[in-house]
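Student: The structure is given below, and queries will be raised subsequently.
The values are calculated or read from the model by the stated rules, or taken from the named source; none is laboratory data. Since the model is a prediction, treat every value here as computed from it, not as a measurement. Cβ atoms come from the backbone with ideal geometry, glycine included; neighbour counts cover every protein chain shown.
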Amino acid sequence: MLSAATPESPEKSSPQEHLYAEQIQPILQQKCYSCHGSEKNEGGLRLDVRSKALEGGDSGPSLVAGSPEESYLLDLIHPEEEDYFMPPEGDRITKAEYDLIATWIEEGLPWPDEYANEEASGSQHWAFQSRSEVTAPQVSQQNWVRNAIDPFILARLEAEGIEPSPEADRAQLMRRLSLDLLGLVPTPEEVEVFLNDKRPDAYARLVDQMLASPHFGERWGRHWLDLARYADSDGYEKDRPRPYAYRYRDWVIEAINDDMPFDQFTIEQLAGDLLPNPSLSQKIATGFHRNTLKNREGGVDQEEFRNKEVVDRVSTTGQVWLGLTVGCAECHSHKYDPISQKEFYGLFAFFNNADEEDISAPIPTEQVEYEKKLKKYNDQLKKAEQSLAKKEANYRQGEYKTRLADWLETLASTESPSIPARFKSGYSARTKEQLKPRNDGTLTSLNNPHPRDNYFLEFLPPENFKPDQKVTGFEIEVLPDPSLKNQGPGNSGSGNFVITFVQASMISADGERKFLRITEANADYSQTGYPPMDAFNNNAKKGWAIKGGFGEPHTLVGQFKEPQPWKFTTTEDGEQEPARLSLTIRQDYGNLHTVGAFRVHLRTDVNPAKKQPVPFAYYEAAKEAHHHPEGDLPTNLVKAFERTDERLLAIQKPLLQLKKKAPQEPDTKAQTMIAARKPRETHVHLRGDFLRKGPEVEPHTPEVLPELEASSQELKPGAARLTFAEWIVQPDHPLTARVISNRIWQHLFGFGLVRTVDDFGTRGERPTHPELLDWLANHFVESGWSRKELIRTIVMSAAYRQSSAHRPELEQSDPENRLLARQNRFRLEAEIVRDLFLSSSGLLYEEIGGPSIFPPLPADVAALGYANQVKWKASEGDDRYRRGMYIFFQRTVPYPMLMTFDAPDTNVTCLARERSNTPLQALTLLNDPVFHEAAQSMAQRVIENRAHAPLDEQLRYAFRMTLVRQPDDFELQQFRTLWLAAQEMLSQQPEAAQELWGASNSLVEEVPLTDAASWVVLCRTLLNLDEFITRE
C-alpha cells in the first residue's frame, strides 16, 4: 500500500529526525504495527522497518516524500474518512496525529538510521529462525532413556511431575511397528518368532527387517502421495483417465525403499528434468507437479487454467516443503505471514516457465520383453533382406528406370485432382497464433507449438468456382520443413504427428452451419495402427500418423457422404457471397504430436477416397523434373514412385509383410515437466486475475527466508526451477527439515510436535517440544537426509514404545497428550483398513507397483461420472486383492470405501487426513463384498491351520491373525459362546450356512459345513472390532 522516494539521511541529527523518533514512530507503533509490523504485513506493507516502509505494499505508491497531496496514505488515515479508513479497529488517528504525519511527509520523510530497524526486517516468528544446536536436557530417570529423543520428552514430564507410561507388551509393540512401517498385520508365525527371540537387540532387528521390506515404500509412499495430490484422472467435469499416472507412484515407492536422500528426493521431483543428462527416472519424478487438476472442457481458456495449475504448484510446494500457506498471497499479501503478493509471484516465476510433456516410459519388464522380441525380429529382417537383395538389384538395373521415367511422364502431364483451397482465416486454439499462408498456400504452426492443439480454419472456393459446383471431399497435405526434427511434418521430437479428428462443415453467408459427414478416407501413407479413417472417428488416442515417412509430403483424403454444392448468397448490393468451408483439425495425442506445416485442397472428382492419393507436391515436383531433366530427381519423388510401383512391391512383398509384424514399442508413458520452449514473462496478477497484469517480477524467494544466492544464469527460465529446488533443501534452511521431521513424527505418534502440520506460520501452533523438533531436524540433515534413519531413531525411542493405554489421572492436566506421557491410539487410514482385511485373511496379493486396479464397483456408482464416461471394468484374478493404494482414483467418482474412511479428494494437497467415526464405516465393513470375502478366506485359513485343535486354541490363533495378541479369559468365553451359538443356528439353516461359507470355497476334510460357516461368523466379528482397524 505504501511506497516512497528514499529520503536523504543527513550527517548530523536534525529537528526533523527528532520528529520521527519522538512523535511519528510512537504513533505507528500504537496504531499501525499490529497489522503492518514484524508478525503481520497486511497489504504487503511493513512500517517498522525503514527499507520495507519505503518499498511500499501491494497497491503501489501511497506515500511520496515531500508531497502530502500525492500520498494516498493520508486519505486512508484521515480522521474524517467514513468509508475506508485505517486503522480499521481500535482508536483512530486523531487530527493532531494526522497533521504530524503530513508534516513528516512534507519534510521529506526523515528517518534516522538508529530507528531504521533493518536488523529486524526478518520476522521474529520461531519457525523463521535458524535451527539451534541442541543438547539433550538432564533428567533423573536415566534408566528410562533409550536414545537421544527420550530426554526431551522426559524432561517435560518430570517438570510436570508426570511419570511416562510403561512399555507396551511385545505383541502390541510388534503390531504397532508393523502398522506404522508396513501398513500390514504380521502373520501369527512372524509374531511367534519375535516373541520367542530373547536376544537383547531383538526389537532393533525387527525394526531393521521392516525398514528393509519392500512394503515400507508402499506404506510411506502412500503418505507422500497425499501430499502430491495423486489421482488417476484429470478432475473437472470430463475427468478423463490418466492411465499412466502410476509411473510416478512407482517412482515414489522405489525412491522411498531405496532411502533416496530427501534433498535428492526433493530436487528430482521439482526439477529432475533440469539436471545434467537427466535419467528416465529423474524425468518421471517431475510427475509430482503433473498431479494438478486438468480442465479439458471444450471452450475453456487454456491460458487461464494453465495459470491455475501454476498457482496450485506454488501453493502445494509451499505447504509440502515449507509448511506455509503461501497460496493466501495469490490475490493480496498474506494476511498473517510476512509473504507479500509480489513474493508469491516471485515463487510463481520459478514454475511459470515449466511445460507438461508425456514421455515414453516403459516399465522394466516391458522393455526387456520388447528388446527380446526386437532382437528376434531384426535377425529375421536381416535374413529376408539378404535373400531379396539380388532380385531387387537386378530389377533396379533394368526395367526399374524405364518404369520410373514413365511414371514421372504421366505425373508431369496429368493435372492433379486436388484444387488448392482459397484460405480465409485460421488460428491455433491453444497458442492463439494466427495461421498465415505462404505463397504456395502452406500454413505453419512452428512458433512455440502447444503439446496438444486444435486448428480452426476457413476456406473460400477457388476464384473460378461456379455457384452450386459440387465438392466431393478435401485433402490435408502435410509438408516437410527444415526447422522440424527429421524435417517433420510434425512438431514432435521424432517429426511425427497424430491428427485425431477432423470435422468439416459448410457455413453459408447468412451464418447457417451444416456439418459434413466423412464416410471414407485414404492416404498415400499411414503408420501401422493409425489408418486414415481414424482421423474422422474422434478418439484422442487414435488418428492418422506417418511414422516411417518423416521428411516427406503426405496427403489425407476425406470423402463426404454426399457431394456438397458450394452455395453463394446474393447480398443486398447484388454481389454473390460464397459459403465458407470450415475445418477443425484436432490433435489431442499430446507430446507435440501436431502438424507443423500443411495446406488444404478441395476434391471435385467422384469417389476421391477410392483412388490412390498422390500429394500435390509430387505433381509439382514431377513437372519441375520434366522441365529440367538434367537435374537429380528429388529423393521424396523417388520414394513416392517406389510406394506405388507394382513390380518393386511384388519383389518386396515378403519383406513388407515381415515389417508389418515388427514388434511395437511399449506405449507406457509418464507425465513429466519440461522447461518451456518459449520463455514467459511473469507479472503480479492484480487481485489474482491473470488477465490483469501488474508489475513484472523475476524469480525470487520470500525475504523472511534465507536469501537465494544465485547468478543471473541460474535464474534463467531453463535453470531457475532447479536453483529453487536446491535452495529449498539447503542444509541451513529453517523450515524444510523441521517441516518434514514434524510430518514423520506425526505418522508415528498420530500428531506432530507442531500440531498444525500444514501451517508453520504465525497462525499455526508452536511446537510442544521445540528443542526436540530442532534436534530431529538437525539429525535428519546430518544423517544425509535419510528418511529411514530418522524413522529408525524415533521408533527405537522409549517414548515411541510406551503403552497407549488411557490414563485417567491426566485427563485434566494433559487431555490431548501433548506431553507424550503415553503413545496415541488412532484409526487407520482408508487404504490400510482394506490392507488389514486382505493381509489377515491371506487374500493379499503382494506385487509391488504397476497399473492401478479396479475393485468391483456397483454400476450405478460408476454411472455418476460425466456423460457415463467412467469405464470401471472390475479387475480379475489376483489384481482384485492388491493393496488399497493401487485402487484407481477417479476424482469425480472416487471408490466409495476410500471416501467413507476419509481418504483425501486429491484436488489439493493433503497434509493431515481427517479421522471420523461414522455408522457408514461400520456398515461398509460388514457389507462390502471384499470384506465378507476376507472373512471367508480367514475362516478357511483358521480351519486349515488348526483343523484338529481344540476350539480355544483355534480362537487364540484367530486372535493372533488379527489383533496379534492373545485373548483374555473373558474374551475367550465370549467368542466361544458366539461360535457355539452360530453353529447351533446354522445347523438348522443349511442354505444360510452355504451362503456364508461361499459356494466356490472347498471344505476341509472332516469339517462340517456348519462349523466352517460358524468360523465365517466369528472371523467377521473379529475383523469388525474397533481394535482391528485401530493402531494402538
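Student: For residues that are assigned to a helix (DSSP H, G or I) and in contact (Cβ under 8 Å) with a residue 60 or more places away in the chain, scanning just segment 958-972, find the one that is surrounded by the most Cβ atoms within 10 Å (Cβ to Cβ).
Tutor: Among those residues, the one meeting the criterion is Ala958.
Student: Would you confirm, using the coordinates I've provided, whether Ala212 is modelled with pLDDT of 95 or more, surrounded by 22 or more Cβ atoms within 10 Å (Cβ to Cβ) and among the aliphatic types (A, V, I, L, M)?
Tutor: Against the criterion (modelled with pLDDT of 95 or more, surrounded by 22 or more Cβ atoms within 10 Å (Cβ to Cβ) and among the aliphatic types (A, V, I, L, M)), Ala212 does not qualify.
Student: Can you tell me how many residues within segment 332-354 are at pLDDT below 95 and outside any helix (DSSP H, G or I)?
Tutor: Matching residues across segment 332-354 total 9.
Student: Shifting gears a bit: Where in segment 864-950 are there helices (runs of 4 or more DSSP H), lying wholly inside it, with at least 3 residues that are surrounded by fewer than 18 Cβ atoms within 10 Å (Cβ to Cβ)?
Tutor: The helices (runs of 4 or more DSSP H) meeting that bar are 919-927, 929-945.
Student: Please state which of the following conditions Phe288 fails to meet, knowing it meets all the rest: (1) surrounded by fewer than 16 Cβ atoms within 10 Å (Cβ to Cβ); (2) of a type in the set (A, V, I, L, M, F, W, C); (3) within 16 Å of Arg229 (Cα to Cα).
Tutor: The single condition Phe288 does not satisfy is (1).
Student: Listed residues Leu955, Leu978; which is surrounded by 13 or more Cβ atoms within 10 Å (Cβ to Cβ), over 17 Å from Leu184 (Cα atoms) and touching a Phe, Trp or Tyr at 6+ places or on another chain (Cβ under 6 Å)?
Tutor: Leu955
Student: Shifting gears a bit: Residue under question is Leu820, and the condition is that it be buried (at least 20 other Cβ atoms within 10 Å of the Cβ), at positive phi and not acidic (Asp, Glu); does it hold?
Tutor: Taking the combined requirement at face value, the residue satisfies it.
Student: Could you grab me the full set of residues in segment 755-774 that are buried (at least 23 other Cβ atoms within 10 Å of the Cβ) and within 21 Å of Lys335 (Cα to Cα)?
Tutor: Result: Phe760, Gly761.
Student: Condition first: farther than 23 Å from Lys669 by Cβ, in a loop (DSSP other than H, G, I, E, B) and touching a residue at least 12 places away in the same chain (Cβ under 8 Å). Can you find one or more residues in segment 262-282 that meet it?
Tutor: no
Student: When segment 188-229 is examined, which residues are found to be of a type outside the set (Lys, Arg) and within 23 Å of the chain's Cα centre (by Cα)?
Tutor: Residues satisfying the conditions are His215, Phe216, Gly217, Glu218, Trp220, Gly221, His223, Trp224, Leu225, Asp226, Leu227, Ala228.
Student: Can I ask one more? What are the pairs, 6+ residues apart or on separate chains, where a residue within segment 361-387 that is basic (Lys, Arg) has its Cβ under 8 Å from a residue that is surrounded by 12 or more Cβ atoms within 10 Å (Cβ to Cβ)?
Tutor: Close Cβ pairs (under 8 Å, with a partner that is surrounded by 12 or more Cβ atoms within 10 Å (Cβ to Cβ)) amount to Lys373/Pro663.
Student: Hey, another quick one. Would you check if there is a residue in segment 228-243 being over 22 Å from Pro851 (Cβ atoms) and either of a type outside the set (A, V, I, L, M, F, W, C) or touching a residue at least 24 places away in the same chain (Cβ under 8 Å) (or both)?
Tutor: Yes; the residues of segment 228-243 include at least one that is over 22 Å from Pro851 (Cβ atoms) and either of a type outside the set (A, V, I, L, M, F, W, C) or touching a residue at least 24 places away in the same chain (Cβ under 8 Å) (or both).
Student: Another one. Pull up segment 411-431, narrow it to residues that are surrounded by fewer than 18 Cβ atoms within 10 Å (Cβ to Cβ) and in a helix (DSSP H, G or I), then point me to the one that is nearest to the chain's Cα centre (by Cα).
Tutor: Per the stated criteria, the residue is Ala412.
Student: May I ask you to verify whether Ser445 is closer than 28 Å to Pro613 by Cα, modelled with pLDDT under 90 and surrounded by 12 or more Cβ atoms within 10 Å (Cβ to Cβ)?
Tutor: The answer is yes for Ser445.
Student: Does Phe456 satisfy the condition of being in contact (Cβ under 8 Å) with a residue 12 or more places away in the chain, in the same structural domain as Arg603 (by TED's automatic domain parsing) and within 38 Å of the chain's Cα centre (by Cα)?
Tutor: It is true that Phe456 is in contact (Cβ under 8 Å) with a residue 12 or more places away in the chain, in the same structural domain as Arg603 (by TED's automatic domain parsing) and within 38 Å of the chain's Cα centre (by Cα).
Student: Looking at segment 481-571, what strands (runs of 3 or more DSSP E) fall wholly within it and have at least 1 residues that are charged (D, E, K, R) and surrounded by fewer than 23 Cβ atoms within 10 Å (Cβ to Cβ)?
Tutor: 513-516, 518-523, 554-565
Student: Something else about it: Could you tell me which numbered condition Val191 fails, if it satisfies all but one of (1) under 30 Å from Leu322 (Cβ atoms); (2) part of a helix (DSSP H, G or I)?
Tutor: The failed condition is (1).
Student: Leu388 - would you say it is closer than 30 Å to Leu280 by Cβ and either part of a loop (DSSP other than H, G, I, E, B) or not charged (D, E, K, R) (or both)?
Tutor: no
Student: Quick one: Arg687 ticks every box in (1) in a helix (DSSP H, G or I); (2) surrounded by 15 or more Cβ atoms within 10 Å (Cβ to Cβ) bar one, so which box is it?
Tutor: (2)
Student: Quick one: count up the residues across segment 757-795 that are closer than 23 Å to Ala155 by Cα and assigned to a loop (DSSP other than H, G, I, E, B).
Tutor: Residues meeting the conditions: 5.
Student: Related question: Residue under question is Glu1032, and the condition is that it be more than 21 Å from Leu838 (Cβ to Cβ) and out of contact with any strand residue (DSSP E or B) (no Cβ under 6 Å at 6 or more places or on another chain); does it hold?
Tutor: Spelling it out, it is not the case that Glu1032 is more than 21 Å from Leu838 (Cβ to Cβ) and out of contact with any strand residue (DSSP E or B) (no Cβ under 6 Å at 6 or more places or on another chain).
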